[in-house]
Amino acid sequence: MRADAVREDSSPGPASVSGPAFPHLIKALSTALVVAVLVWGAGALRDVVWADFSLGAAVLFGSALLITVIVWLWMLKSRTQISHETIEQTWIWHKRVQIKDITQAKLIYVPYLSWLIAPRLIVRAGMGLQVFYSADPSVLKAFALLVRGQAK
């Protein structure tokens, strides 16, 4: 028997569960919004007076485009994981909180609107707040157990 298998069997709490951070419809809406902005921006390029277009303006527009695309891509691939020890979410920067360090937790979940308003867990650990989004039912169940103090 593997050593990590023994640890998983003897450790308290549920096994680690993970899932997408955002629901499919939110991903589709954000994709439509990004495509619409890109199409509108491409159309606006025809009206630009290139002689008056400065390097600063080019850097500003390029930075805005880069930030928009990076946030959109991470929104599409972001995943949330909760185990008996940690809560983690992949994002532009990796978010991770030790469950033992959590002093407050609040689950924001709007029934029948979770397809539009992404469910999230807000936790206070130390001096800061962390927000973890999840669209997966098993992760949301683990979040609910944590908020109720039933997670081990």
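The values are calculated or read from the model by the stated rules, or taken from the named source; none is laboratory data. What you see is a predicted model, and the numbers here were worked out from it, not measured in a lab. A quick note on method: Cβ atoms are made from the backbone with ideal geometry, for glycine too, and the neighbour counts reach across all protein chains shown.
Tabulated data for the structure shown
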item: Top-ranked residue in region 108-141 [being within 14 Å of ALA21 (Cβ to Cβ) and among the small types (Gly, Ala, Ser); ranked as surrounded by the most Cβ atoms within 10 Å (Cβ to Cβ)]; result: SER134
item: Matching entry among TRP93, TRP115, TRP40 (being farther than 17 Å from VAL147 by Cα, free of Cβ contacts under 8 Å to residues at least 12 places away in the same chain and assigned by TED's automatic domain parsing to the domain that holds PHE143); result: TRP93
item: Hits in region 91-107 - residues which are of a type outside the set (Lys, Arg) and surrounded by 10 or more Cβ atoms within 10 Å (Cβ to Cβ); result: TRP91, ILE92, VAL97, GLN98, ILE99, ASP101, ILE102, GLN104, ALA105, LEU107
